[in-house]
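Student: Let me give you the structure first, and then I'll get to my questions.
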Amino acid sequence: MSDVVFLIDVECPNECTRRCSKTQYHKPCMFFCQKCCYKCLCVPPGFYGNKQVCACYNNWKTKRGGPKCP
């Protein structure tokens with residue numbers, strides 16, 4: 001059983017504030033985290049990594065193939 005917690009869109013800002021709280025790049029982290037959260041309705045636990053918990057969040061890539069979601 002996985003630890004996936006699906007959110008409703010109004011929960012995205014708080015979850016992204018938590019996810020991005022320890023980065024020095026807070027503004028871009030919040031922008032991309034919220035974009036990913038609104039699409040995927042999931043934000044991984046912790047401040048970094050753990051993306052495998054949210055498949056959509058983990059698999060959304062940039063045009064260059066890099067990770068889209070922080």
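The values are calculated or read from the model by the stated rules, or taken from the named source; none is laboratory data. Note that this is a predicted model, so its numbers are computed, not measured. Because the Cβ atoms are built from the backbone with ideal geometry, glycine has one as well, and the counts that use them run over all protein chains shown. Side chains included, ligands, DNA and RNA excluded: accessible areas come from the protein's heavy atoms. Shrake-Rupley method; radii C 1.70, N 1.55, O 1.52, S 1.80 Å.
Student: Within the stretch 42-70, work out how many residues are more than 13 Å from C29 (Cα to Cα) and among the hydrophobic types (A, V, I, L, M, F, W, C).
Tutor: 6
Student: Sort through F6, F32 and tell me the only one that's over 10 Å from the mean Cα position of the chain (by Cα) and of a type in the set (A, V, I, L, M, F, W, C). Before the answer, list the steps.
Tutor: Values: F32 fails: over 10 Å from the mean Cα position of the chain (by Cα).
Only one candidate qualifies: F6.
Student: Looking only at helices (runs of 4 or more DSSP H) that fall completely inside the chain, which ones have 1 or more residues that are among the basic types (K, R) and open to solvent by 80 Å² or more (accessible area, probe 1.4 Å)? Break it down into steps so the answer makes sense when it comes.
Tutor: Values: elements: 12-19, 26-40, 55-59.
Qualifying helices (runs of 4 or more DSSP H): 26-40.
Student: One residue is enough: does the stretch 15-27 have a residue meeting the conditions of a type outside the set (G, A, S), on the phi > 0 side of the Ramachandran plot and touching a residue at least 24 places away in the same chain (Cβ under 8 Å)?
Tutor: Of the stretch 15-27, the ones of a type outside the set (G, A, S) are 15-20, 22-27.
The next check asks that each one be on the phi > 0 side of the Ramachandran plot; those that pass are none.
Looking for residues that are of a type outside the set (G, A, S), on the phi > 0 side of the Ramachandran plot and touching a residue at least 24 places away in the same chain (Cβ under 8 Å), one finds none in the stretch 15-27, hence no.
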